[in-house]
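Report on the structure given below.
Values in this text are rule-based calculations from the coordinates and carry no lab data. Everything numeric here is computed off the predicted structure, so don't read it as measured data. When we count neighbours, we look across all protein chains shown, and the Cβ atoms used for this are built from the backbone with ideal geometry, even at glycine.
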Amino acid sequence: MKAVSVADYRIIAKKRVPHFLFEYLDGGSFAETTKERNNSDLESIALRQRVLRDVSEIDTRVELFGHSYEMPVALAPVGIAGMYARRGEVQAVRAAEAAGVPFSLSTVSVCPIEEVSRVASKPFWFQLYMIRDRSFMRDLLARASEANCSALIFTVDLPVPGSRYRDYRSGLAGESRLSGNIRRIAQSLLRPHWAWDVGILGRPHQLGNIAPVLNRDSGLEDFLAWIGKSFDPSVSWQDLEFVRDNWDGPIIIKGILDPDDARQAATLQLDALVVSNHGGRQLDGVSSSVKALPGIVDAVGDQMDVLVDGGISSGLDVVRMLAMGAKSVLLGRSWVYALAANGQVGVEHVLELIHKEMLVAMALTGCRSMAEIDTGVLNS
Ligand SMILES: Cc1cc2nc3c(=O)[nH]c(=O)nc-3n(C[C@H](O)[C@H](O)[C@H](O)COP(=O)(O)O)c2cc1C
């Protein structure tokens, strides 16, 4: 099957990676209502078709934190992306650079910051979770700064993990070490290409940023246990000061869904926020990010950049989010489906598809630049 859309890449990804990995990526929390809303609310936004507006020159470039990018799209931080293709984060950062968009490296990536920075020729973004051990956090921030990361994403919507039932059904969570291993190995053997290319040649399968504090021969379950023990549920607004004191560059707070929280964030001299419900993986039943977006833009849009993610799978979706007030968007699952299906080439292709779809959507709504995409392109 030749992939011509993100939906195609999802189908191919499902055939390429072991069941437990596909389910971890594709799933949301609880009944997946919010995950579905992210998609359906976005899809239901009608655009206005406009004609005869000279759309021969269209500029999709955007400036974020002093850097110019080819389009207002970034790769969102996705944990263990390096399990979806051999040294996956390295392949993804290369694809992002080729497309001229930012790449965000998760705290819980497979490849450590240093491995990614060795291949990166431009600065990338680093994402941080609040971890109980503050000296470990300080070290991580110093490593990110040493690696020339140009912005820090501080994710605040995961003081505790959401209930992701698919992971319990697939064997990723809730099993004894032995039975979990047997189930995952059995699923991996059904994907021989992945088993050789990633399972064998893609080692070590560690959480590269965390490996220094664990034993060298720790397995995936040791890392998952470390996350369970180490993420800090006591995280509060005061902790932003700790982050500010230990990071000199721009700070993006990710996981805001409520205008009151956005207003609070705006008092802290942060550079941007990401309207996000973690791709419907945290509190199921909350609003889609696109529904939450306009209220947050109204509350703080003149004080900080407002970015958004959740359910974006086409250039049309990007235009919809910009029309609702976002300055830029982040792609989560969309880039990882492509990574799983075809590595760096797949991610580059998805970014190219999204760019082309954006150009068409802008031409047919009569917009020539980012500044022209506003509520006027919405058919309300
Ligand atoms: C498999 C998976 C792992 C994720 N890991 C992280 C992470 O480590 N850090 C983080 O801030 N967000 C993480 N997210 C959330 C994404 O950054 C993003 O908010 C979400 O995927 C956007 O929704 P979308 O997948 O519908 O595009 C993860 C999402 C998925 C699907």
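When the trypsin sites (Lys or Arg not before Pro) in the stretch 132-204 are filtered for DSSP coil states and for at most 16 other beta-carbon atoms within 10 Å of their beta-carbon, the remaining sites are Arg132. Please report the relative contact order for the chain, taking Cα pairs under 8 Å with a sequence separation of at least 6, and give it as a percent rounded to a whole number. Relative contact order for the chain comes out at 29 percent.
Send over the semi-axes of the stretch 136-190's equivalent ellipsoid, whole angstrom and largest first, taken as the square roots of 5 times the C-alpha gyration tensor eigenvalues.
Details: eigenvalues 229, 52, 24 Å².
Working from the Cα gyration tensor, I get semi-axes of 34, 16, 11 Å.
Can you show me the helix-derived [θ] at 222 nm for the chain, built from DSSP H runs with n ≥ 4 at -39,500 (n - 2.57) apiece and divided by the number of residues, rounded to the nearest 500.
Numbers: 14 runs with 161 residues, N = 380.
Dividing the helical sum by the residues of the chain leaves -13000 deg cm²/dmol.
With K and R counted +1 and D and E -1, the other residues having a Cβ less than 13 Å from that of Asn277 yield a net charge of -3.
Given R0 = 41 Å, the distance between the Cβ atoms of Leu178 and Ala98 translates into a calculated FRET efficiency of 0.45. Once the convex hull of all Cα atoms in the stretch 6-367 is built, its volume per residue stands at 127 Å³.
The distance between label points at Val360 and Ile200 comes to 4.2 nm (points 7 Å beyond Cα on the Cα→Cβ vector).
Pop the C-beta distance of Lys15 and Glu70 into the FRET formula with R0 = 35 Å and round what comes out to the nearest 0.05. Mind dumping the intermediate values first?
Values: r = 31 Å, r/R0 = 0.88.
With R0 = 35 Å, the Cβ-Cβ based efficiency is 0.70.
Here is the size of the stretch 290-375 from its Cα atoms: Rg then Dmax, 13.7, 41 Å. Angle of helix 220-230 to the longest C-alpha principal axis of the chain, folded into 0 to 90 degrees and rounded to 10: 70°. The angle separating the long axis of helix 134-146 from the principal Cα axis of greatest extent in the chain is about 60 degrees.
For the stretch 216-302, the share of alpha carbon pairs falling in successive 10 Å distance bins from zero is 14, 37, 32, 13, 3, 0 percent. Taking the longest Cα principal axis of the chain as reference, the axis of helix 177-189 is set at about 60 degrees. When the Cα positions of Val73, Gln303, Ala96 are compared along the charge dipole of the stretch 6-367, Ala96 comes out farthest toward the positive end, with charges on each C-beta of Lys, Arg, Asp and Glu. Among 360-371, 234-245, 149-160, the peptide with the highest mean count of other Cβ atoms within 10 Å heads the list, and the full ranking is 149-160, 360-371, 234-245.
Could you work out the per residue convex hull volume over the alpha carbons of the stretch 231-370, in cubic angstrom? Walk me through the numbers on the way to the answer.
On the way: hull volume 20.3 nm³, N = 140.
In the stretch 231-370, the Cα hull volume divided by residue count equals 145 Å³.
If the segment from Ala142 to Gln303 were pulled out straight at 0.36 nm per residue, it would be longer than the present Cα-Cα gap by 55.2 nm.
The residue list Pro233, His193, Val108 was ranked by how far each Cα lies along the charge dipole of the chain toward its positive end, using unit charges on Cβ atoms, and His193 comes out on top.
Out of all DSSP beta bridges with both ends in the chain, state the antiparallel percent to the nearest 5. The partial results should precede the final answer.
On the way: 5 of 30 bridges.
Of those bridges, close to 15 percent are antiparallel.
Between Ser135 and Trp237, the modelled labels are 3.1 nm apart [label points 7 Å from Cα along Cα→Cβ].
Considering only Ala292, Phe126, Ala340, and ranking their Cα positions along the charge dipole of the stretch 6-367 that arises from unit charges at the beta-carbon of Lys, Arg, Asp and Glu, the one farthest toward the positive end is Ala340. Shown here are the Rg and Dmax of the Cα trace of the stretch 1-85, at 17.8, 50 Å.
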